[in-house]
Every structure is written in C-alpha cells, then in structure tokens.
1. Identify the GluC sites (Glu not before Pro) of region 220-280 meeting these criteria: DSSP loop state and at most 14 other C-beta atoms within 10 Å of the C-beta.
2. Determine the share of region 96-187's accessible area contributed by carbon and sulfur atoms, expressed in whole percent, with a 1.4 angstrom probe.
3. Roughly how many debye, to the nearest 20, is the charge dipole of the chain about its Cα centre, given +1 on each Lys and Arg Cβ, -1 on each Asp and Glu Cβ, and no other charges?
4. Going Cα to Cα from K335, which lysines come in below 27 Å? Please leave out same-chain ones fewer than 8 positions away.
5. For region 343-488, what % of the accessible area comes from carbon and sulfur atoms, probe 1.4 Å?
6. What accessible area per residue comes out for the chain, rounded to a whole number of Å², with a 1.4 Å probe?
7. Just the number, please: percent antiparallel of the DSSP beta bridges in region 44-148, rounded to the nearest 5.
8. Tell me which lysines have Cα within less than 27 Å of K212's Cα, excluding those fewer than 8 residues away on the same chain?
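The values are calculated or read from the model by the stated rules, or taken from the named source; none is laboratory data. Source: prediction; values computed, not measured. Here the Cβ is made from the backbone with ideal geometry for all residues, glycine too, and neighbour counts use every protein chain on show. In case anyone asks, the SASA skips ligands and DNA or RNA and just uses the protein heavy atoms, side chains included. Shrake-Rupley method; radii C 1.70, N 1.55, O 1.52, S 1.80 Å.
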Amino acid sequence: MHHLVPAPVRTHIPAPPHTDDQGPNGFLLGPSTTISAQPGTETTERWLRATVGAAYGLPLAPGPADAERAGHTVRLRLDPALEPEGYRLRTGPGLGVEITGGSPAGVFWGAQTLRQLLGPEAFRSAPVGPGGPSALPVAEIEDSPRFPWRGLMLDVSRHFLPKDDVLRYLDLLAAHKLNVFHFHLTDDQGWRVEIRRHPRLTEAGAWRARTKYGHRASDLWDETPHGGYYTQDDIREIVAYAAARHIQVVPEIDIPGHSQAAISAYPELGNTDVIDTSTLPVWDNWGVSPNVLAPTDTVLRFYEGVFEEILDLFPADTSPFIHVGGDECPKDQWKESATAQARIAELGLADEKELQSWFIRHFDSWLSARGRRLIGWDEILEGGLAEGAAVSSWRGYAGGVAAAEAGHDVVMCPEQQVYLDHRQHGGTDEPMPIGYVRTLEDVYRFEPVPPGLSDAAVRHILGTQANVWTEVMQNRARVDYQVFPRLAAFAEVAWSRLPAPAERDFAGFERRMASHYARLDALGVGYRPPGGPLPGQLRPGVLGRPIEGTPPNV
Ligand code: ACM
C-alpha cells in the first residue's frame, strides 16, 4: 500500500497536498516518448506537445498505451471518481507518466504539475542546450483545488494591452492553475471591444488624446495619443485560447458609471440636460468620472444591443457569468437631471441609489432570460439584488459577507489585500507606488473566507481573484512587475488548502519561490526581484499615492 505524505520541501507552486517523491530516475522524457490521450483529454495532449514538446524539441507523438511501451508513454486519463478539477499524477520506471483527472480540466492541471516536475527549461519555447532526455522523479501526487473560482482581473481600459499580451497572460494564469480571466473591457478612459452596431465605441471611444503619467497627484502627462481595441475575431481568439486552457472568461461592460468613453462616442448616452456631452473627450485622467449614463430607454436599448453582441462573443459554456460593473457611480448628475428625476418618480423609487439598483436589475433580468448570470461589484447590493446574481467583493470583505449571508455567490477580491496595483514594498524605490503596502508575504497570508460566516454562507464563496488596475501600468513590463511574484502567492491561496493566515509557512513558500523564479525567468516574466526593482524597473520622479495605513488581513 502506498502511503501519501505531505510534502516537506518541494518546489511546486501552488503546493499539492500529497506527494510521495522517491527520488530521481522515474522516467526519461525523450525522442521515443509518446502521448496516449483518452478521448476528452485532447486539450492537454495538444498543450503538452506545444509547450513541453517545444521546450525539449520532442515530437511527443500520439501513441498506443500498450504494456510494452508503458515506460515511454504519457497517459492522459479521466476518472469521474476524482474531484472535477482534481488529478492524480504518477511517474515511475516502467510506468511512464500517468495523469488522471476528474474532468478534462483536472487532467490539464495535472499537466501543469508535470511541467513543474521537469524543471525550469520546460518553461522555455525552444531547447537551450544540445537537448537529450529530461528526467522526472519517481512521484505520486494527488491534488485538487480549494476553490472553483481562481481568478485574475485585468484592466485593459486604462492602458490597452495588445492581444498577444492578453494571450500570454492566459498562459501565465494556466501555469499557476488559475481558471478565471475577468476581462475589464470598458471604462472612462477607453472602450476596448468592437461592437458592430455601435462602431463609434471603438472608432472614437478606444482613443484618448493624452494620458496622466503617474497617479492623480502627478503633474506629468504623456502627450502621445493612446488606445486600441480588440476586434470581434480577436475576442473569439482570446476566448478559444482561454477555453483550450480550461479558463473561463468573464467579460465586464461597466454600467452605469465608468462610462465616459462610451458617452464621448455617443453623447446621447449621457445626462444631456445637465451637461453638454457633445464635447466630452475620452478621459485622460484617473479617478471616478462624474459623467455617468442617463437612465433612459435610449440607454437601455443601446446597452441591450451591446450585451447581445457580448453574449455572441462569449458563449454560455465558457462564460456563464457576465460582469456589469456597477461600481463607483456618482449620483450628482442624476440629482440635477430632470429626466432622471422624472424616471425616479415614474418608477416610484425613493432616490438615486434605487435608480442605480433599477438599472442593474434591468440587466439582471435581461441576462437571466438569456441563460446567463449577472455578476457585479459589491455596490450592486445597495437597493437589493435579484436572485442568482453574484458579487465581486472589492471594498473589503463586508459586501461579500452580506451577499453570501443573503444567499448570493461571492468572489472575494478586497482591495485592501489583493489589488495588485498597490505597492509591494514600503521603500522609496517602488515605481509609481500607490495605496497600501502589500508584500508577497501579505498576499500569501490573505484569507478569502473571513471568520464568522455561517456554513451556508461559506458555501457561497465561489473563490477569489486578484485585480489589476492599470492606471500606472503603461505596458506589459509594468503589469509583470506589479503582478509577479505576488500572483504566485495568490495562486497558492486560491488553489491549496492552506492553514490559517498566521500559521502559513511563508519561509517554506519562499524556498519554493527560489525554484519558481527560475520558471518565471524561463517564461520571460519581468517580476519584482526579491531585492527590489532593477534599474529599468525604477520610475524616479513619478508621483504615486501616499501609503495608506490599514494593516493587511483585517
Ligand atoms: C473598483 O475597484 N472600482 C471595483
């Protein structure tokens, strides 16, 4: 009988709970290695060939799984008795490699572990040496995730990230066993998805004349026009690329606030009886714009058209959730607008807060009728939420706790803990630093399920995501710096069943990080080095936001 023991010091991130590593010489990956993929596991077969095969210059051709060849075969199998995203990985002499998953996704996560077993060179795109076989240890690993929602939100509005960079981030998510990509596609500073029936959203709304360089306190400007957008085929490609990696994409179209880019493109979407929206630009500064959507039938019909195209681009099987934003909608224009006030009266609403709620509920019913689930930032709780809607809890835990206790599904992403735009060190060298100091260790000690929740509410915590707002991230290098290495710690929080925050073995995690940095180097990730930024990562003289005082893990 095989005894599975907890791993003492292994190098995996996120850490599997049970590993039995009996040392080297389990299996040699070489020119004669073949893959035997059971029907249903083809995504992993293709992925192994494209990544590990390319890294070692090996064909990893399809082959049978007969006993004679067992020691030269990577076998991919399904076993519904395992947890859906769980897997078992075994390697040994005469055994080859066997990855058994509870579902195709489980097999895929097992393949991620296989790549980590192989060593950092498995993360390159072509062989760096003369090649030759690569050894795997004799090992047995059983693993499954703590949460079904393990996400990253990427803001491509504040700074546009070209399509190839988005695809690369999907690869980076997969390498960390993260399975949700929340795609923040619209905001005051730019509209990033082509909508055929409203072409000006991208013709005009995707571009701004200039950009604040640094955070709001900075007096620097980048006078280069900035923007870009994804065509509908770009989006389909991104969605298919994610699906091949068992990642669901959650598109976000932010309403009724954070909409200045849309209003700039179509002035009739704004509160035209309060301001002249015909000259409103796509916003060039950061913060919360007062220019919000008008609560009119014109606006509802316009956005139904937008969401119709969004539902077509993001099919139900891989995008069951549609995010409608709902955060930070200033009510000043609605207070002044005769049109908005007439709507409040006509609907018998108490105030502008209820008007926002009416707006969100309209799209909640609209999405539900089309078989999708609405998700929004925790402001959507104010004024009551329709059954089935889910909440991204960003203003701390409180919104998520209230929503979960009320029976709504929740994704925990409190800004005090997992907003990766916030600085990761308190020193003066941090480039364009903003807000809280949240170190690698702080993220490692982040706990998505706060104490005191009822058992029923705990079951409504779908999981957690890290959010990446890109006001001070002008390009992929800045995104890499802010996201890594903290996303590695976050991935372990989301996947592994870690003890309570104070009891987590951060020293052990750091030891494993030594191996993980080598993987990130091989992948070409521009992370923040443990000793602080490299010269090219510094941004001297660019003002950010002062340090905020709240301690982490509150
Ligand atoms: C948010 O950070 N406004 C969701």
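1. Of the GluC sites (Glu not before Pro), the ones in loops of region 220-280 whose Cβ has at most 14 other Cβ atoms within 10 Å are E223.
2. On the way: 1080 of 2040 Å².
Carbon-and-sulfur percentage of accessible area, whole number: 53.
3. Details: 51 positive and 71 negative charges, 299 e Å.
Approximately 1440 debye in magnitude.
4. Answer for K335, where 27 Å is the Cα cut-off: K353, listed by chain and number.
5. Working: 2330 of 4660 Å².
Answer for region 343-488 is 50 percent, counting heavy atoms of protein chains only.
6. Values: 20110 Å² over 554 residues.
Per-residue value: 36 Å².
7. Details: 11 of 16 bridges.
Taking every DSSP beta bridge with both residues in region 44-148, the antiparallel ones total about 70 percent.
8. The reachable lysines, counting only those whose Cα sits under 27 Å from K212, are K163, K331.
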